[in-house]
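Could you have a look at this structure, given as structure tokens, before my questions?
The values are calculated or read from the model by the stated rules, or taken from the named source; none is laboratory data. Predicted model only: the values in this text are computed from it and were never measured. Backbone-built Cβ (ideal geometry, glycine too); neighbour counts: all protein chains shown. The area values use the complete protein model at the heavy-atom level, side chains included, leaving out ligands, DNA and RNA. Shrake-Rupley method; radii C 1.70, N 1.55, O 1.52, S 1.80 Å.
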Amino acid sequence: NQPLLVPTFPRPDTAFKGNHVYTHNLSRLALEVGGDLKRIDLQLLAMADDARRLLAHNGIMSSERLLLNGFSASGSFVIKFPILHPERVRAIAGGGVNGLPTLPVASWEGVSLRYPLGVADLKELTGKPFNPEAYKKVAQFIYQGDQDTNETLYARDIFDPEDTETILKFLPARYYPDRWEKVRSIYQKLGYPIQTHTYRGFDHRWAPIDDLVAFFEANANDGTGLTPITPSSGN
């Protein structure tokens, strides 16, 4: 059995810098906003540490390295989180991210990638540079349904116009299969312990629960790297 923490971050109605703060996407604005929502990534770590202390008080020991699961906006959140805090994550599974996950590189094909596209300005944004050595120890399963049409390329609460323009410099405009397959090839070239998968016949309303359970069971140890799974369908 695994202790389960389900954080809830409000998505405010009021605008910040002209757009709404997409908290559960862990957007750029979500790292820049102040007040009660300041640095929700650090708030999540504080929640996890508080839960671990409570568990230890009751004789239940737990690892400080987290297992994170999410779909759609929360899928984007859990893909971004180990880029920010790789030393605190053992494994993540993220799905339905529209072929636009945050990449663990500062640039690609000569194009500079600021957050949330990449890590070019991560230190300036968060005070902490990207740690590729710690990131290599995080097992990841990133998946997409081939019937998923939930396009976010022009969503202004996720990407500024300059981010959209940057995306179109190095990724195809068509979401599936072009952009998603290009992203899969980038992951393969980078060599990080990331398994990607396309599920056939599934859209944005579905997640492969049995495969997710199998992935976390295979990667819940306190080791490093990836133990890949054999998904139930697709390629």
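For the stretch 126-154, enumerate the residues that are in contact (Cβ under 8 Å) with a residue 60 or more places away in the chain and either open to solvent by less than 40 Å² (accessible area, probe 1.4 Å) or under 25 Å from ALA15 (Cα atoms) (or both).
Filtering the stretch 126-154 down to residues in contact (Cβ under 8 Å) with a residue 60 or more places away in the chain leaves 126, 136-137, 139-143, 145-146, 150.
Result: THR126, ALA139, GLN140, PHE141, ILE142, TYR143, GLY145, ASP146, ASN150.
When you look at LYS123, is it under 18 Å from GLY225 (Cβ atoms), modelled with pLDDT of 95 or more and either among the small types (Gly, Ala, Ser) or open to solvent by 10 Å² or more (accessible area, probe 1.4 Å) (or both), yes or no?
Working: under 18 Å from GLY225 (Cβ atoms): no; modelled with pLDDT of 95 or more: yes; either among the small types (Gly, Ala, Ser) or open to solvent by 10 Å² or more (accessible area, probe 1.4 Å) (or both): yes.
When the stated conditions are applied, LYS123 does not pass them.
Right, another one. Does the stretch 88-106 contain at least one residue that is open to solvent by 10 Å² or more (accessible area, probe 1.4 Å), at pLDDT 95 or above, more than 23 Å from VAL33 (Cβ to Cβ) and touching a Gly at 6+ places or on another chain (Cβ under 9 Å)?
Within the stretch 88-106, one or more residues are open to solvent by 10 Å² or more (accessible area, probe 1.4 Å), at pLDDT 95 or above, more than 23 Å from VAL33 (Cβ to Cβ) and touching a Gly at 6+ places or on another chain (Cβ under 9 Å).
Another question about this same structure. Just name the residue that is modelled with the lowest pLDDT out of those in the stretch 1-35 that are out of contact with any His (no Cβ under 7 Å at 6 or more places or on another chain), open to solvent by 80 Å² or more (accessible area, probe 1.4 Å) and within 19 Å of ASP160 (Cα to Cα).
Per the criteria, the residue is THR14.
Now, a different point. Out of all the residues in the stretch 166-182, is one or more among the charged types (D, E, K, R) and modelled with pLDDT under 95? Don't jump to the end; show me each part of the working.
Restricting attention to the stretch 166-182, the residues satisfying the condition of being among the charged types (D, E, K, R) are 169, 174, 178-179, 181-182.
Pick out the ones that are also modelled with pLDDT under 95 and you get 174.
Within the stretch 166-182, one or more residues are among the charged types (D, E, K, R) and modelled with pLDDT under 95.
Given the stretch 133-231, what helices (runs of 4 or more DSSP H) lie entirely inside it while holding 3 or more residues that are basic (Lys, Arg)?
Working: elements: 161-170, 180-190, 209-219.
Those helices (runs of 4 or more DSSP H) span 180-190.
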